[in-house]
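The values are calculated or read from the model by the stated rules, or taken from the named source; none is laboratory data. Predicted model, so just to flag it, every value in this text is computed and none were measured. Cβ: placed from backbone, ideal geometry, glycine included. Neighbour counts: every protein chain shown.
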Amino acid sequence: MPEGLEAEIWRSEIETVVGRTVVDAWVDERVAPPGFVGLVVGARLEGVRRAGKIVLIDTDGPTIGLHFGMTGRVLVDGVSAIDRLQYSSSRDDAQWDRLRLFTDAAGMPAVRLNDPRRLGRVTLDPDVSALGVDIFAVTPARMRRALGERRQAIKTVLLDQAVVAGLGNMCADEVLWWAGIDPRRPACALDEPDVARLATAIRRRLPVMMRRGGSHRGTLSPMVRSTCPPCERDGYPLRRDTIGGRTAVWCPHHQR
Ligand SMILES: [Zn+2]
């Protein structure tokens, strides 16, 4: 599913339409607040930000929030920045559209949110104040403060958007693998070197994955996750467990 990395890729794409004015809009009313269209038509797109996994389009009226759920994706001027999503169909079916913002009455939508499973949503002026430290702003000190005295498994804590905003299941497994940390360890049991390695893995690996195309481009790729081959680092078989209700793939040899 889309994580902060995908949201960042889409945020960057949407930059290209900043400065335009919304002349028409359509929304799937099942996933948007009442009166949405009336509030955004006529608005000028003034900027685009990301908060964790959410893309925020600022206008001279409300801020439009794009939430991607399990299968959401964005097309800007008809182009998808992420062509084939591992977690979603590559088919481009207009019946899966949840939002269309037009900046040219005769043209294609400038921004389309397409979401086959319809678990994403569109919001106005979303409150993002409860989000934790952003994936691209992690430092060892911020990480330590964010983890606090939490006793849950570190993997589960990393998925809590109030702790680190933007990490999803694949990236959390990936950074724990790089940091050599057992995903089942209580977060509060991590010592200073553990926290430093984890923060470093987040800072170094996520930009690499983003440049390669997104959260599915790590060492623990979807293929590795489904087949659990020997660990690339030490040759021991990877393991697949359920931790906090989510699938975790990890190496019981070097992740301690
Ligand atoms: Zn290993």
**OP:** Would you tally the residues in the stretch 159-177 being under 19 Å from Val224 (Cβ atoms), in a helix (DSSP H, G or I) and more than 16 Å from the ligand (Cβ to nearest atom)?
**Re:** 4
Original post:
Of the residues that sit in the stretch 49-86 and are among the charged types (D, E, K, R) and at pLDDT 95 or above, which one is surrounded by the most Cβ atoms within 10 Å (Cβ to Cβ)?
Top reply: Lys53
Original post:
What are the pairs, 6+ residues apart or on separate chains, where a residue within the stretch 244-256 that is closer than 16 Å to Ala187 by Cα has its Cβ under 6 Å from a residue that is within 14 Å of the ligand (Cβ to nearest atom) and part of a loop (DSSP other than H, G, I, E, B)?
Top reply: Ala248/Pro183; Gln255/Gly180; Gln255/Ile181; Gln255/Asp182; Arg256/Asp182
Original post:
Does Pro193 satisfy being crowded, with 17+ Cβ neighbours inside 10 Å and either within 15 Å of Ile154 (Cα to Cα) or among the polar types (S, T, N, Q) (or both)?
Top reply: no
**OP:** Go through the stretch 15-45 and give me each residue that's part of a loop (DSSP other than H, G, I, E, B), touching a residue at least 40 places away in the same chain (Cβ under 8 Å) and of a type outside the set (Val, Ile, Thr).
**Re:** Arg20, Asp28, Ala32, Pro33
Subject >> Considering residues of the stretch 239-256 that are in a loop (DSSP other than H, G, I, E, B) and farther than 13 Å from Trp177 by Cα only, the residue nearest to the ligand (Cβ to nearest atom) >> reply: Gly244
Subject >> First in the stretch 91-105 and of a type in the set (Val, Ile, Thr), second anywhere and surrounded by fewer than 19 Cβ atoms within 10 Å (Cβ to Cβ) and part of a strand (DSSP E or B), Cβ under 8 Å, 6 or more apart >> reply: Thr103/Thr21
Original post:
Within the stretch 178-186, is even one residue under 22 Å from the mean Cα position of the chain (by Cα), touching a residue at least 40 places away in the same chain (Cβ under 8 Å) and more than 16 Å from the ligand (Cβ to nearest atom)?
Top reply: no
Subject >> Gly132, sole failed condition from (1) surrounded by 18 or more Cβ atoms within 10 Å (Cβ to Cβ); (2) modelled with pLDDT under 95; (3) farther than 28 Å from Pro34 by Cβ; (4) of a type outside the set (A, V, I, L, M, F, W, C) >> reply: (2)
**OP:** Give the residues of the stretch 198-230 that are within 16 Å of the ligand (Cβ to nearest atom) and either more than 29 Å from Ile9 (Cα to Cα) or polar (S, T, N, Q) (or both), sorted by residue number.
**Re:** Thr219, Ser221, Thr227, Pro229, Pro230
Original post:
Consider Tyr236 against the criteria (1) within 16 Å of the ligand (Cβ to nearest atom); (2) under 23 Å from Thr71 (Cα atoms); (3) of a type in the set (Ser, Thr, Tyr): it satisfies all of them except one. Which criterion is unmet?
Top reply: (2)
